[in-house]
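S.K.: Questions regarding the structure given below will be posed in turn.
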Amino acid sequence: MTLPRVKTRSHAAAPSESARRSVHVVTFGCQMNKYDSLLVEGRFVTSGYDLTDRMEDADVILFNTCSVRDHAEERVYSWVGALRKAKEERPDLVIGVMGCMAQRAEEEIFQRATHVDLVCGTRQLQNLPSLVDEVFERRRCAQDPTAIEGVLGTDMEGRVRVDRRGEPYAGGLVGHLAVMRGCDLNCTYCVVPTTRGRVQSHPIDDLLIEARWMVDGGARVVSLLGQTVNSYGEDLPKPAPCEPRFSGRQGRASLADLLRRLQDVEGLERIRLITLHPSYVTQALAEAIRDCDKLDRFLPLPAQSGSDEQLKRMKRGYTTDLYRARVDLLRAEVPDIELGSDWIVGFPGETDDDFEASLAFLHEIEFVQNYVFQYSPRPGTRAHGYADDVALAVKKERNQRLLAASERTALRRHERFIGADVDVFVESESPKHPGRLRGRSRHNIPVSFDGPAALIGATAQVRVGEASAYGLTGVRCSED
Ligand code: SF4
């Protein structure tokens, strides 16, 4: 782990009262956090702050945190701890912790890291510039600088929704768009319902405006983000009798409707989804995927386990039979769809037979991408009260076996493209091999080939020559 090195800035370089203050955001965790960090940076820009890439130049340093496992939180404490000396030498510095860990731990952060000035939860991110202003205001008014209380903004009633059109888009070719926040399910191992609250879907028209803004700013791919992205719209109001009805429950807007509208956004080349839940796979969604050719032919649809007993203990809300039925529904409409999964190994009570059932399920569904997590208990979850009864060595071994199985499945799925021409959205140059480009196929498989950097941001046709478990390589079909 590389910890931040923050030099003491000379007094002459310290900002005067009237100088613009600068902000540096350090991001941990998932794509949603990356999206949130950009959103927060935009809020600061429109509030009169500057952004800086250099932590040592910043007047405000914010850590956007992850709470998914204990290790992730301890890492944040290490980073924050490394700033203690800088804060002593530069008491004007503002240090803040935001995101999931901030929401979960709240005041505990002030107790463990007394030099932290600000803790901001997941539903108050749009208010961060005001919260930072509040830190400066408290300092200005303080009689005793050693007795200033930290600013805590963890109210869950907020709605993180902002019109970003007044700020420059900074997300690059592959942009992320949070279509919803929170989760209404209660999987027993998961902190998300605690840290991100109940589902809030954003209206389709707002999302189209944000997608248009991203494309105008240079995005060509938009990944739609949600903890259960295909439950999008379930919480939106029912349409009035005089309003058009959508394809969701009781005429509500659904992900299928959103995809059909995004399909029409000019300049947008591809749409990706992160992450789906089997319970919300519907016929309408399968048909929308079939009809929207901008949508990748890849869906992350986490199974978590292949054992019905374990799925019940995890409270996932489906059985393997229901999962199979949803896959059949998808493959009936889109026969070549590829699926990815997350897996938890060593969840409390997982027997050898349970684990073998996961291995068999991975092979049966032929998941092309797999992320494996060794279970670790998290405070605030129901499973925290279960006995963590699978030995670490067993968790590690199961982790390795699932990953090895995943490599074999991925290789098999990838080999079917050998000799085929695939459309590759080119995302970057290879850092190690000059002249080599990297992109992704419509099935979200990494593809590399030789070509000019001018192709970055465009779609190239590539004839696949080789396949590995990690991707495809080939040659460009034409020089046009
Ligand atoms: S579906 Fe389950 S695992 Fe996923 S975010 Fe919701 S509670 Fe967590």
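S.K.: Name, by its number, the condition in (1) of a type outside the set (Phe, Trp, Tyr); (2) closer than 23 Å to residue 70 by Cα; (3) assigned to a loop (DSSP other than H, G, I, E, B) that does not hold for residue 433.
M.R.: Here residue 433 meets the rest and fails (2).
S.K.: Something else about it: Within the stretch 161-189, track down each residue that is β-branched (Val, Ile, Thr) and over 30 Å from residue 316 (Cβ atoms).
M.R.: In the first step, residues of the stretch 161-189 are kept if they are β-branched (Val, Ile, Thr); the result is 162, 174, 179, 188.
Across the stretch 161-189, the qualifying residue is only 162.
S.K.: Of all residues being open to solvent by less than 30 Å² (accessible area, probe 1.4 Å) and of a type in the set (Val, Ile, Thr) in the stretch 166-215, which is farthest from residue 99 (Cα to Cα)? Just the residue, please.
M.R.: 215
Let's see how each residue does on (1) outside any helix (DSSP H, G or I); (2) within 16 Å of the ligand (Cβ to nearest atom):
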residue	(1), (2)
187	yes, yes
194	no, yes
235	yes, yes
247	yes, no
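S.K.: Before we move on, is residue 211 modelled with pLDDT of 95 or more and small (Gly, Ala, Ser)?
M.R.: On the way: modelled with pLDDT of 95 or more: yes; small (Gly, Ala, Ser): yes.
It is true that residue 211 is modelled with pLDDT of 95 or more and small (Gly, Ala, Ser).
S.K.: Right, something else. Name the pairs: first residue in the stretch 196-222 and free of Cβ contacts under 8 Å to residues at least 60 places away in the same chain and away from the ligand (no atom under 16 Å from the Cβ), second residue open to solvent by 30 Å² or more (accessible area, probe 1.4 Å) and part of a helix (DSSP H, G or I), Cβ to Cβ under 8 Å, at least 6 apart or on different chains?
M.R.: 204/261; 208/261
S.K.: Is there any pair with a first residue in the stretch 309-326 that is of a type in the set (A, V, I, L, M, F, W, C) and within 15 Å of the ligand (Cβ to nearest atom) and a second that is open to solvent by 60 Å² or more (accessible area, probe 1.4 Å) and not in a helix (DSSP H, G or I) whose Cβ atoms are under 7 Å apart and which are 6 or more apart or on different chains, and what are they?
M.R.: Listed by first residue and then by second, the contacts come to 311/319.
S.K.: For the list (1) away from the ligand (no atom under 16 Å from the Cβ); (2) outside any loop (DSSP other than H, G, I, E, B); (3) among the small types (Gly, Ala, Ser), I need the number of the one condition that residue 341 fails.
M.R.: (1)
S.K.: Filter the stretch 252-307 for residues that are closer than 25 Å to residue 459 by Cα and within 16 Å of the ligand (Cβ to nearest atom); which is surrounded by the most Cβ atoms within 10 Å (Cβ to Cβ)?
M.R.: Looking at residues that are closer than 25 Å to residue 459 by Cα and within 16 Å of the ligand (Cβ to nearest atom), I get 299.
S.K.: Could I ask something else about it? I need the full set of residues from the stretch 417-447 which are surrounded by fewer than 20 Cβ atoms within 10 Å (Cβ to Cβ) and among the small types (Gly, Ala, Ser), in order please.
M.R.: 419, 420, 428, 430, 435
S.K.: Could you list, in sequence order, the residues of the stretch 318-335 that are in a loop (DSSP other than H, G, I, E, B) and either open to solvent by less than 60 Å² (accessible area, probe 1.4 Å) or of a type in the set (S, T, N, Q) (or both)? If you could, list the steps in order and put the result at the bottom.
M.R.: Of all residues in the stretch 318-335, those in a loop (DSSP other than H, G, I, E, B) come to 318-319, 334-335.
318, 319, 334, listed by residue number.
S.K.: Another question about this same structure. Residue 375: surrounded by 19 or more Cβ atoms within 10 Å (Cβ to Cβ) and aromatic (Phe, Trp, Tyr), yes or no? Can you show your working first?
M.R.: Working: surrounded by 19 or more Cβ atoms within 10 Å (Cβ to Cβ): yes; aromatic (Phe, Trp, Tyr): yes.
Yes: the conditions hold for residue 375.
The values are calculated or read from the model by the stated rules, or taken from the named source; none is laboratory data. These numbers come from a predicted model, not from an experiment. Glycine also receives a Cβ, built like all others from the backbone with ideal geometry; neighbour counts cover every protein chain displayed. Please note that ligands, DNA and RNA were not included when accessible areas were found on the heavy atoms of the full protein model with its side chains. Shrake-Rupley method; radii C 1.70, N 1.55, O 1.52, S 1.80 Å.
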